[in-house]
Amino acid sequence: MFGNLFGLVAPDLAIDLGTANTLIYVKGRGVVLDEPSVVAYVSEGGRKVVHAVGAEAKTMLGKTHRSMEVVRPLRDGVIADFDVAEEMIKQFIKKVMPRPALISPQIVICVPTGATPVERRTILESAQAGGARKVHLIEEPVAAAVGAGLQIDDPAGCMVVDIGGGTTEIAVLSLGGVVWSRSLREAGDKMDEAMIQYLRRTENLLIGDSTAERIKKEIGTARAPDEGSGMTLQVKGRDNLTGVPKEITVTEAMVAEALSDPVNKIVEAVKQAFEQMPPELAADILDRGIMLTGGGAMLRNLDVVLKERISVGVSVAEEPLLCVVKGCGIALERLNTPEGRRLLTPEI
Ligand SMILES: Nc1ncnc2c1ncn2[C@@H]1O[C@H](COP(=O)(O)OP(=O)(O)OP(=O)(O)O)[C@@H](O)[C@H]1O
Ligand SMILES: [Mg+2]
């Protein structure tokens, strides 16, 4: 306590470094940071000088001048631009820990199950470079399941499907660990891309990523309304033929059609999971159902479509966007216990 007062010992942190959002949990305090994984920088003599990170940088996406770039340093759940990712982590840590400390924090950080050893090392090194004295890795679906309140220590298998921005992680957990998993590079970003392509193809309207995401969040659905075309949204963009700005009305039915390809791919992957996993596990999941986490789980009717197509119970976690960081936080709080350490990925 004496150390903490004088900023000698930094509090330990748990980080959900996501393709779309980064969240930080501080030991003993809870989730204190939730920002888009976006960085705005200016190139000065070959060096990237960070201008803004997080929410502030996201507002600049698609609107910057020539010397400034706004990028997302993660793609498909893994680090695509190491220098920028490292700088982003540093800045986020600084936001939650403004006072410098003599003893730097231990950090628990998640990795997608599909990440290669090189990609895992990159995530680990970026957290080290961000200022950690020790980094512990946790598989994303383990964190998602624990954060969603699933009892993963049971011998009966349970299934979690975490639909983020870059990846959909499908995993079956039993006795505290992942017994079967698959990572699919098909999630929220692919839905936004599908929305852009659809409006270009059917309406000759060009829109950007942020507009596509807004349509998905406001009137997005995995299934067309039973009657009529459902909710509507006015959307502005540029006409692909004339080049002039135009506004159209987008309906729920249009969005359902636009998103059908990525939604089908996710549903098919979950279906395949049942074909590929050992039959005893499939039987357990039939009893216990599937838990959906991650921002993509908030797409309306995705649970309904999954239930219809797979005939297994499906629940959406409470606060799906927070499950992974909460799970990382639980592992952090229990770091000194065997149960807590069992949640972590063995050293690489
Ligand atoms: N209401 C909503 N309906 C549909 N999608 C949504 C909704 N709210 C958020 N999303 C989407 O969820 C995604 C972000 O989810 P999340 O924060 O779990 O991803 P992430 O952890 O950053 O990514 P990953 O785990 O793939 O690295 C974005 O693609 C966002 O557009
Ligand atoms: Mg995630």
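The values are calculated or read from the model by the stated rules, or taken from the named source; none is laboratory data. Quick caveat, the model's predicted, so the values are computed rather than measured. Positions of Cβ are generated from backbone atoms using ideal geometry, with glycine treated the same way; all protein chains shown enter the neighbour counts. With ligands, DNA and RNA removed, areas are computed over all heavy atoms of the protein, side chains included. Shrake-Rupley method; radii C 1.70, N 1.55, O 1.52, S 1.80 Å.
A few points about this structure:
- For the stretch 188-260, the share of accessible area belonging to carbon and sulfur comes to 45 percent (1.4 Å probe, ligands and nucleic acids excluded).
- Accessible surface of the stretch 1-136, 1.4 Å probe, proportion on carbon and sulfur as whole %: 53 percent
- Overall form of the chain per C-alpha gyration tensor (a/c, 1.5; a/b vs b/c): oblate
- Loop GluC sites (Glu not before Pro), the stretch 288-333 (other Cβ atoms within 10 Å of the site Cβ: 13 or fewer; DSSP): Glu318
- Mean separation of Cα contacts under 8 Å (6+ apart) over length of the chain, as relative contact order %: 18 percent
- Rounded to the nearest 500, the 222 nm mean residue ellipticity of the chain from helices alone is -11000 deg cm²/dmol, with -39,500 (n - 2.57) taken per DSSP H run of at least 4 residues.
- Rounded to 5, percent antiparallel among DSSP beta bridges of the chain: 70 percent
- Taking all pairs of distinct alpha-carbon atoms in the stretch 230-348, Kirkwood radius in angstrom: 18.0 Å
- Rolling a 1.4 Å probe over the protein heavy atoms gives the chain an accessible area of 46 Å² per residue.
- Centre separation in Å (Cα based) which lies between the stretch 271-288 and the stretch 178-231: 28 Å
- Reduced Cα scattering model of the stretch 188-260, Debye log10 I(q)/I(0), q = 0.22, 0.23 Å⁻¹: -0.90, -0.98
- Potential lengthening between Lys90 and Leu206 on full extension [0.36 nm per residue; Cα-Cα distance subtracted]: 38.2 nm
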